[in-house]
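Peer 1: Handing you a structure now.
The values are calculated or read from the model by the stated rules, or taken from the named source; none is laboratory data. Worth saying up front: this structure is predicted, and the values here are computed from it rather than measured. Cβ: placed from backbone, ideal geometry, glycine included. Neighbour counts: every protein chain shown.
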Amino acid sequence: MARIVAVYNTERRAAELRDMSYIRWFRMAEALARLGHTVDMATAEFRFRPHQRAIPMAARLRRIPLGRVRWADYDVIKTLFHQGFDTLRRYGGADHPFIIAKLGSVVASADREGIYFHGRTRKHLFATQQEIHRRARFITVLTPEAGRLWVEQHGDREGILLVPGAVDAHPPPPGPDPYPDARRPRCVFSGNFYDHRTDANRVLAEKLNQVGRLLGERGARLYVTGVGSTRRFDDRCVTCLGSFPYLQSWDHLYHADVGILVAPGRFLHNNESTKVYHYLRAGLPVAAEAGFPNDHVLRDSGLASIAVNGDMAGVADRAVESARQTWNRDAAIRFILDHHTWDRRAAVYDAILEAHGLSCAR
């Protein structure tokens, strides 16, 4: 089996599962460990206390101090997002012969519609991509669109992997009802709102305020929960519940009537919506605005209704209708379990490792 070290960022706080990037980091590491690989997660926590971990670690999985990693001790280095590869370079591991670099949104050499990184930020990300193209053995993207953009921008090459987002196969059972009001239809947007200085935050707030107002006129209420700035939200239309630890956050899905999905623009060029997998795994009907590369997951699940992009009244109407409709929730859950769990995603990496002699008994 392979010895793998997973690298993300240099944040000094103890890792906590609230942000989807951390959730992906830990869940993929756990899935690889379940396959029998030994996985270390290199973190830069301010005070590294192996016996006082914020997150329980599974078998064959541990957290180690980033500053003490000996990169040559590992068969594989797996970096997460552009930031993970930047961290690897900063700590001297970018010359390792077997790097798997996972990307989120792929950027182009110039600003492009549907990619919400601009100017200096986009230039830095593109420069990181150039280094990844040169140094990484494998490059992981979320969508076929991202893979095509990579080839367009950096040239064709072997080793581009498609590994979309995913969800826990076995989330926690339902807990207490976290909502503050009585049982009028509850619609929830659960996810990342981004920093208030970003275009994505501005657009999401504008759309969700509009959806919230329209839902209120129809006798329902919109709640938002997750990480990011909520200063732009209108509390007359939207109830902001805050962010919660990942396992606790499932209760907002279990006790809602409808999950809401809106796009942070006219469309996303190559970055998907991860909340889709969580809504559906919870058996939560979805009222969505079109615009994501993985909209097909909603359609294939049979548990969603999709309005055209920009039609917030359509999203609100579909949410109210979805709350009243009888759905085959079990079929949608089975669809997610069959196709979109972390174990399904980790199998892509395991096949690659096996092809390189790293899934055999050693």
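Peer 1: If you check residue 127 against the conditions, is it without any contact (Cβ under 8 Å) to a residue 60 or more places away in the chain and either on the phi > 0 side of the Ramachandran plot or touching a helix residue (DSSP H, G or I) at 6+ places or on another chain (Cβ under 8 Å) (or both)?
Peer 2: no
Peer 1: Okay, moving on. Under 8 Å by Cβ, and 6 or more places apart or on different chains, what pairs join a residue from the range 239-260 that is under 24 Å from residue 309 (Cβ atoms) with one that is of a type in the set (D, E, K, R) and surrounded by 18 or more Cβ atoms within 10 Å (Cβ to Cβ)?
Peer 2: 256/186; 257/186; 258/186; 259/275
Yes or no, residue by residue, for (1) under 24 Å from residue 163 (Cβ atoms); (2) out of contact with any strand residue (DSSP E or B) (no Cβ under 6 Å at 6 or more places or on another chain); (3) surrounded by 17 or more Cβ atoms within 10 Å (Cβ to Cβ):
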site: 285; (1), (2), (3): no, no, yes
site: 289; (1), (2), (3): no, no, yes
site: 294; (1), (2), (3): yes, yes, yes
site: 332; (1), (2), (3): yes, yes, yes
site: 347; (1), (2), (3): yes, yes, no
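Peer 1: State yes or no: is residue 326 out of contact with any helix residue (DSSP H, G or I) (no Cβ under 9 Å at 6 or more places or on another chain), β-branched (Val, Ile, Thr) and modelled with pLDDT of 95 or more?
Peer 2: Yes.
Peer 1: Something else now. Pick out the one residue from 314, 310, 357 that is surrounded by fewer than 14 Cβ atoms within 10 Å (Cβ to Cβ) and either of a type outside the set (Lys, Arg) or free of Cβ contacts under 8 Å to residues at least 24 places away in the same chain (or both).
Peer 2: It is 357.
Peer 1: For the range 113-171: of the residues being in a loop (DSSP other than H, G, I, E, B) and charged (D, E, K, R), which is surrounded by the most Cβ atoms within 10 Å (Cβ to Cβ)?
Peer 2: Among them, the one singled out is 168.
Peer 1: Do we find that residue 343 is among the acidic types (Asp, Glu), at pLDDT 95 or above and more than 16 Å from the chain's Cα centre (by Cα) in this structure?
Peer 2: The answer is no for residue 343.
Peer 1: Just give me the residues in the range 228-265 being within 15 Å of residue 319 (Cβ to Cβ) and crowded, with 19+ Cβ neighbours inside 10 Å, in sequence order.
Peer 2: Correct list: 238, 253, 256, 257, 258, 259, 260, 261, 262.
Peer 1: Tell me the helices (runs of 4 or more DSSP H) entirely within the range 309-362 that contain at least 1 residues that are small (Gly, Ala, Ser) and farther than 22 Å from residue 280 by Cβ.
Peer 2: Output list reads 312-324, 342-355.
Peer 1: Right, another one. Answer with yes or no whether residue 216 is in a helix (DSSP H, G or I), farther than 21 Å from residue 268 by Cα and without any contact (Cβ under 8 Å) to a residue 24 or more places away in the chain.
Peer 2: Against the criterion (in a helix (DSSP H, G or I), farther than 21 Å from residue 268 by Cα and without any contact (Cβ under 8 Å) to a residue 24 or more places away in the chain), residue 216 qualifies.
Peer 1: Scanning the range 59-77 for residues that are out of contact with any helix residue (DSSP H, G or I) (no Cβ under 8 Å at 6 or more places or on another chain) and within 19 Å of residue 26 (Cβ to Cβ), which turns out surrounded by the fewest Cβ atoms within 10 Å (Cβ to Cβ)?
Peer 2: Residue satisfying both the conditions and the ranking: 65.
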